[in-house]
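K.L.:
Have a look at this one before I ask anything.
The values are calculated or read from the model by the stated rules, or taken from the named source; none is laboratory data. No experiment lies behind these values; they were computed from the predicted model shown. Cβ placement follows ideal geometry from the backbone for every residue including glycine, while neighbour counts extend to all protein chains displayed.
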Amino acid sequence: MSPLSRRPPERPSIPRGDALGTYETYLEAQQIVDKLAKADFDVKQLSILGNDLKTVERVTGKLTYGRTAGAGAASGAWFGLFIGLLLLIVSPTPQFGFVAAAILIGAGFGMLFGIVTYAINRRRRDFTSTHQVLASNYQIIIAPEQLGRAQELLSRPEPEEK
């Protein structure tokens with residue numbers, strides 16, 4: 001238990017109950033939960049369960065020395081900007097040269113670090129990618145005693161917005 005929390009942490013478990021509905025996308029399931037929330041339904045009783053999970057890695061490009069140098073320089077420059085602003089704040093006489101110098105030094109070290117890291121790992125991974133975990137479908141799980149009320153609320157037509 002965390003010293004700052006009031007309740008003990010929940011153990012991960014698959015939610016139990018009845019399926020209110022099965023949806024192709026997470027967005028569709030989310031919209032149903034949102035509709036129930038707007039109808040003053042206690043949404044803490046609901047869970048969205050993703051079924052048949054798959055990991056999808058989409059390749060976004062080829063990794064090169066130039067690309068790693070640029071990415072390293074950019075992240076180093078941001079860190080340098082942060083350090084430069086800290087120096088500017090604590091300095092008795094503010095000088096904006098500190099900020100510019102910190103950005104340049106940060107970019108240089110970031111570029112160097114990016115190139116060295118790429119050189120070490122070069123043959124293991126020569127591409128960039130993004131990862132996603134996707135489900136084939138999504139079910140809204142609800143306590144059996146709440147199923148009827150939720151179905152009733154969902155069958156009501158939505159009020160027109162003015």
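K.L.:
Scan the stretch 88-95 and give yes if some residue there is of a type in the set (A, V, I, L, M, F, W, C) and within 25 Å of the chain's Cα centre (by Cα), otherwise no.
P.N.:
So far as the stretch 88-95 goes, no, none of its residues is of a type in the set (A, V, I, L, M, F, W, C) and within 25 Å of the chain's Cα centre (by Cα).
K.L.:
Of all the residues that make up the stretch 59-83, how many are crowded, with 16+ Cβ neighbours inside 10 Å, hydrophobic (A, V, I, L, M, F, W, C) and over 9 Å from GLY114 (Cβ atoms)?
P.N.:
5
K.L.:
Looking for whichever is surrounded by 14 or more Cβ atoms within 10 Å (Cβ to Cβ) and not assigned by TED's automatic domain parsing to the domain that holds ASP18 here; the options are LEU36, LEU112, LEU86. Which one fits?
P.N.:
Of LEU36, LEU112, LEU86, the one residue that is surrounded by 14 or more Cβ atoms within 10 Å (Cβ to Cβ) and not assigned by TED's automatic domain parsing to the domain that holds ASP18 is LEU112.
K.L.:
Here is a further query. Can you give me the number of residues within the stretch 115-146 that are under 30 Å from GLU28 (Cβ atoms) and either crowded, with 16+ Cβ neighbours inside 10 Å or in contact with a Phe, Trp or Tyr (Cβ under 8 Å, 6 or more places away or on another chain) (or both)?
P.N.:
So the answer is 8.
K.L.:
Look at the stretch 120-162 and say how many of its residues are within 19 Å of ILE32 (Cβ to Cβ) and outside any strand (DSSP E or B).
P.N.:
Within the stretch 120-162, residues that are within 19 Å of ILE32 (Cβ to Cβ) and outside any strand (DSSP E or B) number 18.
K.L.:
Right, another one. Based on this model, can you work out whether THR22 counts as β-branched (Val, Ile, Thr), in contact (Cβ under 8 Å) with a residue 12 or more places away in the chain and more than 30 Å from VAL116 (Cβ to Cβ)?
P.N.:
yes
K.L.:
In the stretch 1-51, which residues are within 22 Å of the chain's Cα centre (by Cα), among the acidic types (Asp, Glu) and modelled with pLDDT of 85 or more?
P.N.:
Listed by number, the residues that qualify are GLU24, GLU28, ASP34.
K.L.:
Filter the stretch 49-69 down to residues that are free of Cβ contacts under 8 Å to residues at least 24 places away in the same chain and small (Gly, Ala, Ser), then give me how many there are.
P.N.:
1
K.L.:
Please find, within the stretch 117-137, the residue that is modelled with the lowest pLDDT out of those that are among the hydroxyl-bearing types (Ser, Thr, Tyr) and under 16 Å from the mean Cα position of the chain (by Cα).
P.N.:
This residue is SER129.
K.L.:
Could you check the stretch 74-118 and list, in sequence order, the residues that are without any contact (Cβ under 8 Å) to a residue 24 or more places away in the chain and under 30 Å from ARG58 (Cα atoms)?
P.N.:
VAL116
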